[in-house]
Amino acid sequence: MRQIFPVAGPDLEVVARAAAGPLPDAVSQLASLYRNGAASDAAVPPGRGRLRANMVASVDGAVTLDGRSGGLSGPADKMIFTVLRCLADLILVGARTARTEHYRPVQPDEIWLQLRPENAPLPPIAVVTGSLDLTGCDSLLTMPPGPSQTIIITTASAPADRKAALSAHARVIEAGEHAVDLTTAVRALADLGYRSILTEGGPAIIGQLSAALLLDELCVTTSPLLGAGAAGRIVSGPPLTRGLSLAHALVDGDFLFCRYLVEESPAGR
Ligand SMILES: NC(=O)c1ccc[n+]([C@@H]2O[C@H](COP(=O)([O-])OP(=O)(O)OC[C@H]3O[C@@H](n4cnc5c(N)ncnc54)[C@H](OP(=O)(O)O)[C@@H]3O)[C@@H](O)[C@H]2O)c1
């Protein structure tokens with residue numbers, strides 16, 4: 001893998017798996033690249049944390065192949081996925097992504113703990129859900145209470161019995177009456193100390209975060225495939241326009257990895 005924009009960089013070895021011990025040079029260089037730049041150096045927005053999205057899509061914009069994202073990924077994408085997890089306080093996902101992609105708690109041997117501040121807790125998974133249905137990702141409910149415990153972000157009107165049952169295994173946050181208000185949710189997360197949020201989708205969540213002007217940064221892997229069919233795009237929901245500026249671009253074989261900063265003006269360019 002190597003950087004091609006804004007300057008050409010040296011080859012970075014693709015490291016397949018996170019492990020303890022000395023941090024591979026390529027991993028620390030990649031982490032600096034994703035920490036650097038306007039997005040990370042800017043002040044944290046008042047009242048909320050910084051919010052970065054990471055998605056993978058085919059060249060024609062499909063976010064799934066056969067219903068899931070795995071077929072679009074590759075070793076370098078997985079490495080960036082892991083580095084971005086290492087740099088986050090919390091991982092935010094929509095319930096459909098959690099169910100479809102069988103989300104589970106982040107494990108210490110899955111990330112480079114060396115990239116995290118000393119004694120930092122593992123980033124919890126926070127799931128946005130109205131139904132409170134966690135079928136397919138039940139292992140999210142196995143984390144003990146504490147800063148790494150799974151967070152369920154739901155509504156006041158969500159089924160009360162289910163909410164009570166989940167409260168025994170997860171931290172439940174209400175943010176909205178009939179639908180989760182993402183602004184309220186992200187502020188509640190900041191109040192709990194989660195100031196560097198990584199969202200891994202899906203498109204419905206990224207659409208709402210963009211519409212609410214909460215999205216600061218978007219990392220997109222373009223996979224060298226065509227998908228056609230009915231697969232969604234990386235952002236869904238009502239039409240919106242957001243300008244993006246390219247912070248850096250990397251390539252690995254035929255894969256392209258772009259990091260965009262979201263411009264502040266909702267009108268875009
Ligand atoms: N290519 C990639 O990088 C990538 C990344 C992520 C996901 N994906 C794919 O994208 C698909 C899922 O994405 P998606 O856009 O359909 O769904 P999503 O954003 O993952 O989740 C949507 C669900 O989140 C909950 N939700 C969202 N907004 C809410 C609100 N305001 N209030 C209450 N609940 C809310 C609802 O859960 P309930 O139904 O529980 O109420 C809703 O059904 C999957 O196929 C996944 O594989 C691809």
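The values are calculated or read from the model by the stated rules, or taken from the named source; none is laboratory data. In this text the structure is predicted, and so the values were computed from the model without any measurement. Quick reminder, even Gly has a Cβ in these numbers, built from the backbone with ideal geometry, and neighbours come from all protein chains shown. Each accessible area value is taken on the protein alone, full model and side chains, heavy atoms only, with ligands, DNA and RNA left out. Shrake-Rupley method; radii C 1.70, N 1.55, O 1.52, S 1.80 Å.
So the values come out like this:
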item	result
Solvent-free Debye scattering, log10 I(q)/I(0), computed from the Cα coordinates of the chain at q = 0.09, 0.13 Å⁻¹	-0.39, -0.86
Pairwise label distance in nanometres, GLU13 with ARG195, each label 7 Å out on the Cα-Cβ vector	3.5
Relative contact order, percent, region 1-130 [alpha-carbon distance under 8 Å, six or more residues apart]	28
Protein-only accessible surface order, largest first, of HIS248, HIS102 at 1.4 Å	HIS102, HIS248
Using a Förster distance of 30 Å, the FRET efficiency for LEU225-GLU110 (Cβ separation, nearest 0.05)	0.75
Backbone HN-Hα couplings from phi across region 47-63 [Karplus 6.51/-1.76/1.60, Hz, Gly and Pro as x]	x, 8, x, 7, 10, 10, 10, 10, 9, 10, 9, 6, 4, 8, x, 6, 9
Semi-axis lengths (Å, descending) of the ellipsoid that matches the C-alpha gyration tensor of region 112-163	27, 11, 9
Mean-position separation - Cα centroids, region 46-79 and region 130-149, in angstrom	22
Rg to Rh, two decimals, where region 133-229 supplies the alpha carbon set and Rh follows Kirkwood	1.01
Other-chain or far-sequence residues with amide H under 5 Å of GLU217's (modelled H)	LEU51, ALA53, VAL262
SER245, SER210, ranked by accessible area, largest first (probe 1.4 Å)	SER245, SER210
Karplus (6.51, -1.76, 1.60) ³J(HN,Hα), θ = phi - 60°, over region 221-229, in Hz, Gly and Pro reported as x	9, 9, 8, x, 9, 10, x, 6, x
Residue-span extension gain [ASP60 to GLU177] - 0.36 nm each, minus C-alpha spacing	38.4 nm
Sequence-distant residues sharing a close amide H with SER223 (under 5 Å, placed H)	ALA57, SER58, VAL59
Principal axes of region 48-201: Cα extent on each, largest first, Å	42, 39, 27
Label-point gap, in nm, between SER131 and ALA156 - each point 7 angstrom along Cα→Cβ	2.5
Relative contact order (%) - the chain, alpha-carbon pairs under 8 angstrom, separation at least six	27
Value of Rg to Rh for region 203-268 (Rh from inverse mean 1/r over Cα pairs, i.e. Kirkwood)	1.00
Angstrom value of the Kirkwood radius, inverse mean 1/r, which spans all Cα pairs in region 23-113	15.1
